[in-house]
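Shown next, in structure tokens, is the structure this report addresses.
Since every read-out is calculated from the coordinates, none of them should be taken as a lab result. A quick note: this is a predicted structure, and the numbers were derived from the prediction, not measured. No Cβ is skipped: glycine too gets one built from the backbone with ideal geometry, and neighbour counts run over all protein chains shown.
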Amino acid sequence: MNRLFIILMLFSSNVFAEIKQIKGEVTDIYLFAKTPSKYDVNDVGLAAIYINSPDLLPGCGNSGEKRVIISTDHPLYQSVISLALTAKTTGKIVELWHLDTCTQRYNSWDFSLIRFAE
């Protein structure tokens, strides 16, 4: 039984992406469709959050953008956008975590967590 548990733990450790934390001011928010080249009411929407932070690197390599993406099908989408817009308009600093993956957009980090900085 212990061997089975250890084997499962080894396999599950590769399933989760690394999470990176950044802290800074929200400088811009872009809203667009996952397929912006055509109009499709059934498409998923994306929000790109730009943060002024030296810790935010270009998404998935040097050709990526310095932004974090969240999709409209994410359960916290409305709350995240509300917090990001509040931070943008008030100048409050946020802490934002992103996954070390770019599945929503090939050149942008995937969203993990956001909060107002203390």
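Lys-Lys pairs in the chain that are eight or more residues apart or on separate chains and whose Cα atoms lie under 24 Å of each other come to 11. Within the chain, antiparallel bridges make up roughly 95 percent of the DSSP beta bridges whose residues both belong there.
With helices as the sole contributors, the chain gives -6500 deg cm²/dmol at 222 nm; each DSSP H run of n ≥ 4 counts as -39500 (n - 2.57), and the sum is divided by every residue.
Applying the Karplus relation 6.51 cos²θ - 1.76 cosθ + 1.60 with θ = phi - 60° to segment 49-63 yields 3J(HN,Hα) values of 10, 9, 10, 7, 8, x, 7, 8, 8, x, x, 6, x, 5, 7 Hz, where x marks Gly and Pro. Each Lys and Arg contributes +1 and each Asp and Glu -1, all at the Cβ; summed about the Cα centre of the chain, the dipole is approximately 60 debye.
With a cut-off of 12 Å on the backbone N, the residues of segment 81-110 near the modelled label site 7 Å out from ASP55 along Cα-Cβ are 94-98. Net charge of the neighbourhood of ASN42, taken over other residues with C-beta under 12 Å away and scored Lys/Arg +1, Asp/Glu -1, is -1. To the nearest ten degrees, helix 77-90 and the longest principal axis of the Cα atoms of the chain are 50 degrees apart. I need the shape label for segment 33-102. Rule: rounded when a/c is under 1.5, else prolate if a/b > b/c, else oblate, with a, b, c from the alpha carbon gyration tensor. Judged from the Cα gyration tensor, segment 33-102 comes out oblate (a/c at least 1.5, b/c at or above a/b). Computed from phi, the 3J(HN,Hα) profile of segment 99-106 under the Karplus parametrisation 6.51, -1.76, 1.60 (θ = phi - 60°) reads 6, 8, 9, 9, 8, 6, 8, 4 Hz, with x in place of Gly and Pro.
By the count of other C-beta atoms within 10 Å, a proxy for reagent exposure, LYS20, LYS38 are ordered fewest to most as LYS38, LYS20.
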